[in-house]
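Please treat every number below as a calculation from the coordinates, not as lab data. Bear in mind the structure is a predicted one, so any value in this text is a computation, not a measurement. Don't worry about glycine lacking a Cβ; one is built from the backbone with ideal geometry, like all the others, and counts go over all protein chains shown.
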Amino acid sequence: MQGVYYDGKSTGQYHCSLSVDTNGQVLLHGFTIETPPNFAPVAIADVVVSARVGNTPRFVYFPGGGNFETEDQQAADQLNVQIRQAQGEAATHWFIPHRWESSFRLAVVAISVMLALIVFLAFVGIPGISGWVAEQLPAEVNNALGKGTLELLDERYFKKSELDLARQQQLEELFSELAPKDDGIDYQLYFRDGGTIGANAFALPNGQVVLTDALVTLADSDNEIRSILLHEIAHVVHRHTLKQLISTVSLFAIYGMMIGDLDTMNNVMVYLPVILIQTGYSRQDEWEADGYALNAMLATHISPKHFANIMRKLEKEKASTWFQQDTEEDETAENKPAEKDAKDDAEASTWLNYLSSHPVTQDRITRFENAAP
């Protein structure tokens with residue numbers, strides 16, 4: 001085969017030919033200018049041919065550091081087969097990378113397998129493993145992950161609560177009665193003005209539970225608030241928030257490795273508080289948290305209907321908020337059509353996220369109503 005030899009010790013280029021003699025020796029000959037110094041025939045088993053990548057040049061690497069560059073793909077493939085035979089390997093072509101990358105069918109199969117693997121990891125593998133990992137981690141991990149998160153959420157979402165201090169104290173005492181005392185987690189209740197979040201509640205891995213002023217105002221009784229607090233405490237007890245964080249970080253890690261963006265993980269760590277607010281729990285986690293609240297209410301002879309009542313109010317408020325947003329957008333559609341389209345897309349995404357991560361609300365309500373004595 002024709003090509004250029006580089007001795008690996010100088011910048012010289014030696015145009016020549018490469019061949020293999022009957023004794024299995026790799027020879028260089030037919031130099032157009034001069035013969036490189038100190039080059040001697042090499043046993044074929046001691047050289048290496050680079051893998052074929054499209055039609056890029058191939059290299060034959062010699063033990064002394066020199067290499068031979070050629071564009072003769074067929075000759076390089078034949079030399080590679082001879083090398084493998086000399087080394088005692090089977091001269092099969094099946095595992096030659098070039099044949100893989102040149103096959104449309106294999107490319108389709110590879111893409112299909114990759115997509116199937118991604119879907120499996122996203123919906124089955126990672127959630128399952130995350131749940132197991134979350135159960136194995138000690139309570140100290142929960143406490144460490146929650147530190148500083150509420151402060152970051154205050155900067156982005158919340159304002160200082162305007163709820164009466166006496167009312168806050170009443171609910172803190174109620175929360176203290178409900179929180180577990182022996183699982184190593186320091187449960188604390190906080191109140192915030194939720195702003196655009198409205199009537200809501202959420203729990204952090206370290207046992208911090210936040211109630212918005214709007215939710216307290218929406219409830220007609222302490223028992224309705226009690227049911228919400230039990231539900232949020234359950235998310236901490238069953239490690240749902242920790243599981244959610246592990247799943248999210250794992251998914252972004254896989255995504256970062258796939259696209260080769262190592263900065264992805266840094267961005268995830270920065271936006272973890274936002275993820276906690278905007279990413280819902282799985283259907284199974286929500287159903288399990290409901291079960292915890294339901295059992296606790298039945299054990300203390302409190303009607304489960306209180307949870308059903310507050311859920312109906314929360315759904316009604318959400319529906320009213322969405323309707324109001326739609327109306328405001330319709331009024332400004334003529335002036336800002338592009339902006340409206342963007343908002344429509346964002347809201348559609350929000351709807352899909354909500355529906356995909358929560359059990360049907362009516363089913364949850366019915367569950368509590370049917371359990372009422």
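Which order, highest average first, do 169-177, 56-64 follow once you tally other Cβ atoms within 10 Å for each residue and take the mean per peptide?
Listed from highest to lowest mean packing, they are 56-64, 169-177.
Residue 168: net charge of surrounding residues, Cβ under 12 Å, Lys/Arg +1, Asp/Glu -1, itself excluded?
Every neighbour counted, the sum reads -2.
What does the charge count around residue 364 come to, taking other residues whose C-beta lies under 9 Å from its C-beta (Lys +1, Arg +1, Asp -1, Glu -1)?
Numbers: positive: 367; negative: 286, 290, 363.
Once all neighbours under 9 Å are counted, the net charge is -2.
Points 7 angstrom from Cα along the Cβ direction at residue 119 and residue 169: gap in nanometres?
With each label placed 7 Å out from Cα toward Cβ, I get 5.8 nm.
If you count, for each residue, the other Cβ atoms within 10 Å and average over each peptide, how do 290-302, 109-121, 156-168 line up from highest to lowest?
My ranking of the peptides, most packed first, is 290-302, 156-168, 109-121.
What does the charge count around residue 213 come to, taking other residues whose C-beta lies under 12 Å from its C-beta (Lys +1, Arg +1, Asp -1, Glu -1)?
Value of the local net charge: +1.
Using all alpha carbons of the stretch 2-92, what is the percent of pairwise distances in each 10 Å bin, ordered from the shortest bin to the longest?
Final binned percentages: 17, 53, 28, 3.
Using the basic label-point model (7 angstrom from Cα toward the beta carbon), what is the residue 85 to residue 109 distance in nanometres?
Rounded to a tenth, the inter-label distance reads 2.7 nm.
Over the residues of the stretch 103-254, compute the C-alpha Rg and express it relative to 2.2 N^0.38 Å. Spell out each step's value before the answer.
On the way: Rg = 19.7 Å, N = 152, 2.2 N^0.38 = 14.8 Å.
Dividing the Cα radius of gyration by 2.2 N^0.38 Å gives 1.32.
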